[in-house]
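Chemist: Got a structure for you, questions after.
Every read-out reported here was derived from the displayed coordinates using simple, explicitly stated rules and does not represent laboratory data. Worth saying up front: this structure is predicted, and the values here are computed from it rather than measured. Here the Cβ positions follow ideal geometry from the backbone for every residue, glycine too, while neighbour counts run over all protein chains shown.
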Amino acid sequence: MTHVMTLAQTNSSNIGQLTLVLIGVGLVLALFLIVFLATRYKRCPSNRVLVIWGRGGGKQSARCYHGGGQFVWPVIEDYAYMSLEPLVIDIPLEGALSLNNIRVNVPSTFTVGIATDPVMMANAAERLLGLPPQAVREQAQDIILGQLRLVIATLSIEEINKDREKFMGLINENVTQEINKIGLELINVNIRDITDESGYITAIGQRAAAEAVNKAKVEVAEADRDGATGQAVAQREQTVSVAKEVASAEEGKKAAEQMQRVAIAELEAKAVTGEVESKRDQDIAIAERNAETVAAAKRAEQIQRIQVAEAEARAVDGENTSRAEIAESNAKLAEIRAEAKRRADVAAAQALEEILRAEREQEIARLTKEELAPQEIEKQRIEIAAEAAAEKMRREAKGEADAILAKYEAEAAGVQKVLEAKAEGYRKLMEAAADNPNVAPTLLMIEQLPELIKEQVKAIQNLKIDKITVWDSGRGSSQIEGKGGAGGGSTANFLSGMIGALPPIHELAQQAGIELPGYLGKVDDAKDPDEPEPHHNPSAPAEDA
């Protein structure tokens, strides 16, 4: 006994130790689970995008979050980060063909980065997740180079060189549209310089400079001409004015000295003649100098106009040559574009055919999965439900039939027992009335008497009688002659009249072949046809209301 108790105590101690060990292991596991789950909660900094994939499915292959934090389920989910830091991409574009078939060099710098828009984050997660920055930069560089060449091919050199706003707008539109497909957005564009290998842009600049210089020279020559002409006119007017003044002075002087010079008229005449000739020669010299000045100015203007016309002719000739080359280049470019468009249309048609074929197969598979499969399932469900409903109806009908059968069997058994009891009662009644056979029918009639009375009462139960007032003097002067020949008061006569209106019980019994007992009265064999009808005494009126 002591040994058994010792073993029990030892087992109890071992069980307690085992329980403590299990509790400790459970606590350690719970702590480990809490720490593990805490490590699976990932926070997303502002300069990154958190991408979670693995659980679920459908149209969205991954879930992207910018900022905040998300819980990443172990085993069934995984995560990664995408950096939002801008990428600076150098585009050393050289030899890009413009609209007028002149190859240009457009070195530029583009700044791009992963967008935070939900749709573009999903695109970046699908196409850039896990790629190093250099690989992302190379993909973006290829896309930008292609779009930049495409934009340059739609513009002429003059449009590229003059309308920089249009050029930059087309670059932003085309490049943004294409890099958005891989989840990137365009931050900045910097076009460093635009040059060409043929020197066309330089020639355009030189032509513009020459046109500006020639225009300035023409304006200077015109100003010089206007200045020289004005100077000659001023000198001529000055000379004429001086001559007029001198002549006027001389005439006054001569008029004043005329009286004094009479004596020496000849000498004075010779002197005046010499002076006039000298003055004439002077005027002629001045006029010749003025004419020479005007002629020199005209010759300078003529030379200038000739040079300007020759320069304009050369410029027009160069422009016409350039336009002819441009037209020829445009024709070749149109042919190349038409051929490229034809090839692109053929390739697009073939690709569209493949896409439509794949979409057709995909749509057939989808319809098979989404419509035919549910319809087949619904058909089976309806069949099962119909079979269940039919089985239910069969079982309910069987149960109702069994219940009705049992009811009728029980009723039949009850009726049978009632009839057997009545038969036994009738048999005993016949045995008791063996000495007087008329007693049994009479008793049976008496048994049915309440039912007969009930049927008699039904004859007058629907009569609407609210009030009956009977004035009876109590002398019994008014009599009702009828069955029984007894007279009575008005009230008794009224009640007996009402009872007489009921179907006669004796007649019913007589028709049934039953003789009622004597206490129910007797039925006269014949009725006197000359017997007067019962009537009320006028002196005892009755008011029915």
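Chemist: Could you list, bin by bin from short to long, the percent of Cα-Cα pairs of the stretch 270-349 in 10 Å steps?
Modeler: 15, 15, 14, 12, 11, 9, 8, 6, 5, 3, 2, 0
Chemist: May I pose another question? Starting from the Cα of residue 415, step 7 Å along the direction of its Cβ; do the same at residue 403; then give the gap between the two resulting points in nm.
Modeler: 2.1 nm
Chemist: Here's a follow-up. Determine, for each peptide in 33-42, 87-96, the mean count of other beta carbons within 10 angstrom over its residues, then list the peptides with the highest first.
Modeler: Details: 33-42: 10.9, 87-96: 15.2.
Per-residue mean Cβ counts within 10 Å order the peptides as 87-96, 33-42.
Chemist: Sticking with this structure for a sec: With +1 assigned to the C-beta of every Lys and Arg and -1 to the C-beta of every Asp and Glu, and no other charges, what is the dipole magnitude of the stretch 338-379 about the Cα centre in debye, to the nearest 20?
Modeler: The calculation lands at about 220 debye.
Chemist: Also, I was wondering about something else. List the aspartates and glutamates whose alpha-carbon lies under 19 Å from that of residue 454, not counting same-chain residues fewer than 8 positions away?
Modeler: Cα-Cα hits under 19 Å: 507.
Chemist: Hey, got the dipole for the stretch 202-385? About the Cα centre, +1 on K and R Cβ, -1 on D and E Cβ, debye to the nearest 20? Mind dumping the intermediate values first?
Modeler: On the way: 29 positive and 38 negative charges, 48 e Å.
Here the stretch 202-385 has a charge dipole of around 240 debye.
Chemist: Here is a further query. Can you give the charge dipole size of the stretch 85-198 about its Cα centre, rounded to the nearest 20 debye, using +1 on the beta carbon of Lys and Arg and -1 on the beta carbon of Asp and Glu?
Modeler: On the way: 9 positive and 17 negative charges, 15 e Å.
Rounded to the nearest 20 debye, it is 80 debye.
Chemist: With 10 Å bins from zero, work out the P(r) of the stretch 202-385 over every alpha carbon pair and list the percent per bin.
Modeler: Using 10 Å bins, I get a P(r) of 7, 14, 11, 10, 9, 8, 7, 7, 6, 5, 4, 4, 3, 2, 2, 1, 0 for the stretch 202-385.
Chemist: From the gyration tensor of the Cα coordinates in the stretch 56-157, what semi-axes in whole Å does the equivalent ellipsoid have, largest first, with each one equal to sqrt(5λ)?
Modeler: On the way: eigenvalues 287, 36, 22 Å².
Output for the stretch 56-157: semi-axes of 38, 13, 11 Å.
Chemist: Which entries of 215/298; 166/332; 417/458; 162/332 have Cα-Cα distances beyond 28 Å here? Intermediate values should be presented prior to the final figure.
Modeler: Numbers: 215/298 19 Å; 166/332 25 Å; 417/458 32 Å; 162/332 25 Å.
In this structure, 417/458 exceed 28 Å between Cα atoms.
Chemist: Here's something else I'd like to know. Can you give me the three principal axis dimensions of the stretch 40-83 from its C-alpha atoms, in Å, biggest first?
Modeler: Per principal axis, max minus min of the Cα coordinates gives 27, 22, 13 Å.
Chemist: Highest mean first, how do 61-69, 130-138, 15-23 rank when packing is the count of other Cβ atoms within 10 Å averaged over residues? Mind showing how you got there, number by number?
Modeler: On the way: 61-69: 15.9, 130-138: 12.8, 15-23: 10.0.
Final packing ranking: 61-69, 130-138, 15-23.
Chemist: Using alpha carbon centroids, what distance separates the stretch 35-107 and the stretch 385-437, in Å?
Modeler: About 88 Å separates the Cα centre of the stretch 35-107 from the one of the stretch 385-437.
Chemist: Over the stretch 85-198, what is the relative contact order in percent, taking alpha-carbon pairs closer than 8 angstrom and at least six residues apart?
Modeler: On the way: 188 pairs, mean separation 48.3, N = 114.
The normalised contact order for the stretch 85-198 reaches 42 percent.
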